[in-house]
Structure formats: C-alpha cells, structure tokens
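> Dropping a structure here in structure tokens format, bear with me for questions.
The values are calculated or read from the model by the stated rules, or taken from the named source; none is laboratory data. This is a predicted model, so every value here is computed, not measured. Cβ placement follows ideal geometry from the backbone for every residue including glycine, while neighbour counts extend to all protein chains displayed. Side chains included, ligands, DNA and RNA excluded: accessible areas come from the protein's heavy atoms. Shrake-Rupley method; radii C 1.70, N 1.55, O 1.52, S 1.80 Å.
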Amino acid sequence: MASFPHLRAGLAWLSLLAAAPAQELVAEQEPASAADIEAVMAAFDEHVTRGDVAGYLARFEPENPGAVAVHGRHLERLVAASKRRTCATHVHNGPYQIGPRTVVRLRHELELEAADGTTRELVEDTYLALRRDGDRVVPTFAAEIPPDMNCVWTRTYQCPACNYELGGVEGWLCVPIRKEKALSLESASFFLMGSDVICELHVQVQGAPTAAADAARKLADAFAEVEPTAVVGPVRAWTPERYRAAPLEGMDSAQVDVQLPSDTAGRGGRRATFHVVTFGGLQHVLMLRGSEDALRAGRARVAGLLNSYGLVEGSREIVEAAKKAVGHHVGGSFEGARYQNQRYGVTFSGPDGWRPQNRVGGSSFRVRWTGPDGSQVWLVAYGVPTGIDAWTRETADRWVDWHCKKFALAPASDQPEALTNSWHESADGAAQRSSLLLCNRPKTPTTPKRRVLHVQVHEDLLLIVDGFGRDAQAERAILAALPSLRRAR
C-alpha cells in the first residue's frame, strides 16, 4: 500500500459502501427551487456557527455515504480548531440539473476565532446535490472543491501536461481533489448523480516505465490489504475505446476487478475496477467503484465516461511525457546531483554519485536520491495546509511529532555534533531544526534503524530532508549534504 498512498481515501470509501444499502440509478425528478437552496444554505450556516456538525449531517439522506462522511470529518476538524465561528454561504455557480439531481456550487465565507482570541478568514467551496421528495428537498451529496477550480459535467476535464482528458458526459459531476489530499500529481472524482458510483482519476509518474498489468495487480493487492474480505480477480486486457481500432504505440493498459461479497442481509456486493494506462513514465489510474446494482443500472453512463478517456497528445515522445507533467505541476530540474526548483527558489545538492529522481505526491514537490547500496535521502516541500495561515516553528514541531509517532522514531542517544535537535537560524535566515532519529521497532530486518531528519521552515513552505544510510559512510554523506539546502529570498 505504501506505493499507492493516493488511493487510501478511495479504498476507505469503498469499505464504507460495503455497510450501506445498495443504490440504484434513479429517474430524473423535479429540480430544487431557489427557495429550497436558500433554506439548505441557511441550515449549513446555522449548524456550522453552532458547531453542530452531527445535526447538519443528519439532514442528509446520502446516496454516497463515503463522500458525505469525508465532508463531515472536514467540518469536524474546522469546528475543533475554532472557539467561535461565523459562516456566510452563497451560491457561487449553478444550480445545474445533472441527471436526477439538482447540483449547486456553494461558497462558504468563514471567520474563525481561535482559543487565543486571534481570528482568521477562510473561503471554501462545496458541491451540494439535492433530491426532491414530495414537498421536501433533501441533501444527498456534498464534496469540497478547490476554490480556484471550475469543472462541471458539460466540459471535459483535461490536463495537457499530464496528457489526458476525461468526462463531459451527461449524468456525471467532476470534482477535482486538492493535491495535498489526493497525494497524486493530479486527481479528480467523477460522481454518477443519483447513485453510489464513483470513478476516481489519479495521475502518477513512475521512475521507469511499468507494465500496466503489473500496476493493476499492485493496486488490487493494496486494496486486499485494507479490506480482508475483498476478492481480487485476474488481470484482464483492456484498451480505451478510442484506441481499439488503431492501438497507440507506447501505450499499455489493463484492468482488474476487486469484489466485496454481499452482506448478511443478502444485499448485492460492491466492486472496484482499476483501469490502468501507462504511457512512458506517466500512469493514469481510473478506479471505478460502487454497488453492483448501481453499476448494472448505470452501465450505459459508466461506459460513456470510460469511453471519454483519451490522451491529449498521442505522438509525444514517451520519455518527455512524464517530464512535462512533473515540470508543469512541481517544477525543478537536476544538474548532476544538484536539484534546483525555480518555482519555489529551492536548491539542494544530494550526495555525490547518488541517483536523483523526481517523484510525485501530495506535496509541492518531492525529490529522491538513491545511493549504490540502497541508501536514500528525500527532499520534500509542503505548502501551507488548508486551515492555517502560515508555517511556524510550532506547526513544524507538530509535523515532526506526528512523523515520529507514525514511524515509531525517537531521538538517538549519540547525536552528532552537526545536529542540534533544536531550532536555530540557517545561513539564509530560515528557521531550521535537525534531529538524528532511531527507529525503535523495525518492521523487517532490512528496515534502517537510523534516520536523518532535517526541517527548514518558511511561512509558505515547509522543507524536509529525510534519509537513511545503509552504513556509517552513507549516513555521513547525508549529513554533509544538509547545509546545501537553500531557498532564495
């Protein structure tokens, strides 16, 4: 599962669906009125201002329990982080009639007061779906959307740099996912309105071209680790519709099903199908999931969405395909072992003779150097998380504590003089903290027992150097590289 962190949320949602009543595709209904939408917005503002998240969620009759649960957890964290709050919601776009549901994009303008009396403003956008039930209008779906994104069902979702397009199909709502939450180069969820069916698109960049069948098998096995009742099927051939008559040179594709059995009440099971396309170092994953009943009822619209997938540029040089995607989203280039990211003004020189490589995830950028003996050092940059105004030493300390707890690390007793394990100012004026950490509970005999962790804090960026040496010489090489971390002012 460690190789595919971007799918954790999706796999968890599928587990939530396993405990929910099966949903079938429903017929179109009378749309919600402006008065109906105003009433829902007023209720949202009232519940959030009071901190009553449970009361707000109780208004939903969710067709997609996972999406509503994720929305609820976000609101709970927002309430927990504020002593008092006010919220003013208005219609930002819409309403739209998407299949059987009225969908509106809401903008929430919040003012949050912390325990110390300080206040801050926060702007968030949410897609909300409504179902009419006689004289009642019931919320059925809610999902956060980045305020700077604008995507609806009438337009194809496209990224020329990542070389794909998908969507623009009736009945589907596209919801782009914040990068820090998706942990992919780029991600978006497509919801089939009126059902529990979702198709998640994830873009990854691999260090070397990977067979689509191997990638599909790894994804299915990762799901089986999360849900023991899952049954992984055989990897099967799959070719996107527009390339069946004329296969594209350099493209490889495959699919695999993962089944969840029927529940004790005899309701139909759930299924996730991983469709994987590789093109050079680029990897596109389309994870289709939902109840068997809804997938069967919506098979025509499901086929329509899958058939909309295609590469923006089919003639692009394979090696350049991955480079262009990484450069567009994160920037950065290598000159020997030296890395320079012009977008963020960051430079760092890895150990001489180690192999550098751009990686992707939910961070602003992620780079790895690998030594001949398997030693590794990572440089990772995190933008300011949603909900805080800037990085500080205190928030960086919390990140370090979380990191140590997650990986069972504690400060080593033989700290080198070069590492202070305390905050001090770097040569370029940034606050930084260094620690040598000991892995207390190695999971395998090959797990490194010592790690070097170096943190540098800027208001808009948290820089992490994290690595391990297979021997003392490799560890010294990592320590010698730490002073090269610089950020232009």
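> When the convex hull of the C-alpha atoms of the stretch 91-143 is computed, what volume per residue in Å³ does it have?
Values: hull volume 5.2 nm³, N = 53.
Each residue corresponds to 99 Å³ of Cα convex hull volume.
> To continue, here is another question. By how many degrees, 0 to 90 and rounded to 10, does the Cα axis of helix 8-18 deviate from the longest principal axis of the chain?
30
> Let me ask something else. Using alpha-carbon positions, what is the distance between the centroids of the stretch 369-394 and the stretch 183-204, in Å?
Taking the Cα centre of the stretch 183-204 as reference, the centre of the stretch 369-394 is 26 Å away.
> Tell me, how many Å apart are the Cα centres for the stretch 159-177 and for the stretch 222-295?
The distance from the Cα centre of the stretch 159-177 to that of the stretch 222-295 comes to 18 Å.
> For the chain, what's the relative contact order in percent, using C-alpha pairs closer than 8 Å and at least 6 residues apart?
Relative contact order here is 12 percent.
> Packing-wise, with mean Cβ within 10 Å as the measure, how do 31-39, 131-139 rank, highest first? Each step should come with its number before you reach the end.
Numbers: 31-39: 15.3, 131-139: 13.8.
Ranked by mean Cβ neighbours within 10 Å, highest first: 31-39, 131-139.
> For the stretch 28-171, what log10 I(q)/I(0) values come out of the Debye formula at q = 0.14, 0.15, 0.18 1/Å, with one point per alpha carbon and no solvent?
-0.71, -0.80, -1.08
> Here is a follow-up. Using a 1.4 angstrom probe, figure out how much accessible area the chain has per residue, in square angstrom, rounded to the nearest whole. Please report the intermediate quantities before stating the final value.
Numbers: 21300 Å² over 489 residues.
On a per-residue basis, the chain sits at 44 Å².
> Leaving ligands, DNA and RNA out of it, report the carbon-plus-sulfur percent of the accessible area of the chain at a 1.4 Å probe. Mind dumping the intermediate values first?
On the way: 10910 of 21300 Å².
In the chain, the share of accessible area belonging to carbon and sulfur is 51 percent.
> Calculate how steeply helix 318-329 sits against the longest principal axis of the alpha-carbon atoms of the chain, using the helix alpha-carbon long axis, and give the answer as 0 to 90 degrees to the nearest 10.
That helix lies at roughly 90 degrees to the long axis.
> Return the aspartates and glutamates within reach of Lys405: Cα separation strictly under 19 angstrom, same-chain partners fewer than 8 residues apart disregarded; answer none if there are no such residues.
In chain and number order, the partners are Glu394, Asp397, Asp466.
> To the nearest 500 deg cm²/dmol, what mean residue ellipticity at 222 nm is calculated for the chain from DSSP H runs of n ≥ 4 alone, each contributing -39,500 (n - 2.57), summed and divided by the residues? Present the calculation step by step, with values, prior to reporting the outcome.
On the way: 11 runs with 119 residues, N = 489.
It lands at -7500 deg cm²/dmol.
> What are the aspartates and glutamates whose alpha-carbon lies under 15 Å from the alpha-carbon of Lys218, with same-chain residues fewer than 8 places away excluded?
Candidates past the 8-residue exclusion: Glu227, Asp257.
> Also, I was wondering about something else. So what does log10 I(q)/I(0) come out to for the stretch 306-393 at q = 0.12, 0.15, 0.16, 0.17 Å⁻¹, using the Debye formula with one equal point on every Cα and no solvent?
So the normalised log intensities work out to -0.49, -0.71, -0.77, -0.84.
> Between the helical axis of 472-481 and the dominant principal axis of the chain, each derived from Cα atoms, what acute angle in degrees is found, rounded to the nearest 10?
Rounded to the nearest ten degrees, it is 80.
> Give the peptides 345-352, 276-283, 119-126 in descending order of average Cβ contacts within 10 Å, highest first.
Numbers: 345-352: 19.9, 276-283: 24.8, 119-126: 15.1.
Top of the packing list down: 276-283, 345-352, 119-126.
> Continuing with this model, one more query. Over the Cα atoms, compute the radius of gyration (one decimal) and Dmax (the largest Cα-Cα distance, rounded to a whole number) for the stretch 165-246, in Å.
Cα radius of gyration and Dmax of the stretch 165-246 are 15.0, 40 Å respectively.
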